[in-house]
Structure formats: C-alpha cells, structure tokens
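In what follows, a structure is listed as structure tokens, so that the remarks can point back to it.
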Amino acid sequence: PGSAFPQPLSLSSAGYCKVDETPKGWFVQYIDRDPETIRRQLELDKKKKHDEDDEERAARFIEDQVRRGKHSKPEEESSLYTELKRDSEEPVTFSLKSLPSTSVGSVPGQKHILSTSALEAVGKKRKEILSGQSEANEKIKKKKTSALDEIMEMEETKKKAQRNDFWLYPGIVVKVTTNRLGEKYFKKKAVVKEVNDKYTAIIKMLNSGDKLRVDQIHVQTVIPVPGKKVLILNGGYLGCEAVLQSVDEKSFSAMLCIDSGPLKGRVVSGVAYEDFSKLL
C-alpha cells in the first residue's frame, strides 16, 4: 500500500499504456510515443489496409469470373457448393496468391493483347495525322509553285514580247567577227570586261590579253560544249545562268537547264544561239 508504483488504470488514462484486466491479472502494453515509431506504425497500417483492399479486389475478381463462366457455359454440369464448416474454434484461413496489378474486370492473358491493340491504334492515328499534314504541306507547296510558275510565265511572255536589241554583259565569252581590228584578233575569243553603254564594251583577248573597245556588231556569242555554264542574254530568262544540255544544229537553238534563281532546275528548249553565250 505504501508503494509509489503507479496504478495501471492511471497509466491508461494518462495515455502511457494500454491496460486490459484479464482473469490472470492486469495486461499492460506500453505505448511508444516516439515520432519514428509512430511513423512506422502508420506505414504498417497503411500497407495492411492496401493489402486488404487487394484481397477484396481479388475476391471480387474471382466471383466475377465464376459468374461469367456460369453464363457462358450453361450446358456444363453445375458445381455443387456446400456450406462452409469448421471444427470447434479452429480458425478459418484463406491463402490467396497476389495477382498482377490489372484493371478490375479484366481477363488474365488479355493485358498484352489490349496493350498491343492500343499501341497499334495510336500508331495508326499518328500515321493518319502525319499523312494528312504531309498532304496539306504538299498541296501548299504545289499551290505556291503553281503561283510562282504562273508569275514567271507571265514575265517570260512579257519579256519575249519586249526583246532587247542589245545583249552584251560582263563575264561572257565572245568571238571577234571583223578584221578591222587587226588580223590577229579575227575569229579569236575574248571575255567582256565591262559594258560602257548598251551596245559597246571593253573586251580582253584570251590568247594575248590585249584589251579592245568593240561594238556588239563586231562580235558574236560563243556556244560551249554540253555541260558548260552559259548566261541567257535575251527573252523570258534574261540574266539567268544555265547549263547547256544539248544543241540542235538544224534549228540553231539549244536546250538549257536553269542553274540560278527561283526557277533553278527548269529545262528550257529552243533557245536561239544568239540569246546565250558561254560564261568564263
């Protein structure tokens, strides 16, 4: 009676212990208030609840499968179920294997099939979108090209209707066609260095390096071998650089492939000899 040891009920009311009175005496369980211990206990409780939820889902899944089996196979003999019995106070235990995490109501073996189908659907949709974008871009590109072609054709027609009577441009190669400048220059080639006005130019002889002033009536254009670059001097493609593709000696014309500007790559036929000349 004179002991200072606290009574169990007082410890319980103070929250230090969990106290139960049994036939064998008082059962005292210490309550650990350490924050780390409390945190671990909360995690264990959470895990326990999660496991119980998994077991409930598994049980519902099994019941659903049994129900589906009964509906899909009515001709099979029905299973005989008996009342669950147990001896005296023997505990009832269940052994359930953990199931893979799947959506409720899904059938085992269909996960991969569904995933593949979903991926195929997504892939097909993506291809359709990309194809649509590609077609749209192609239409826009063709529309722009068509519009550009129309503009260039209009310009070409306009320029053809307004042909120039002068054709000298710096950088082209010409051939001297008069002997008035001297016999040593006759039928020799030169490069146009500068154009003083529309009809006269300073040329530099390729063989001697001599410089002469000539009128365009005293020189002519030079046709190179196929594959060489030329400059178009008149008509709708005036000022465009091109590559000589072939010549037609019967019509005194050539086929050129435009090599500069927005029309690069376009092949033009029937270009007269006097409308283009070799570029140095």
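Those residues that are assigned to a strand (DSSP E or B) and within 14 Å of M152 (Cβ to Cβ), I need them from segment 252-266; list them, please.
I258
Taken over segment 205-251, the criterion of being closer than 30 Å to E150 by Cβ and in a loop (DSSP other than H, G, I, E, B) is satisfied by L233, N234, G235, G236, Y237, L238, G239, C240, S251. State all residues of segment 236-247 that are touching a strand residue (DSSP E or B) at 6+ places or on another chain (Cβ under 7 Å), surrounded by 13 or more Cβ atoms within 10 Å (Cβ to Cβ) and not hydrophobic (A, V, I, L, M, F, W, C); if no residue qualifies, say none. Hits for segment 236-247 are Y237, E241, Q245.
Where a number appears in this text, it was derived from the coordinates with a stated rule and is not lab data. Everything numeric here is computed off the predicted structure, so don't read it as measured data. Backbone-built Cβ (ideal geometry, glycine too); neighbour counts: all protein chains shown.
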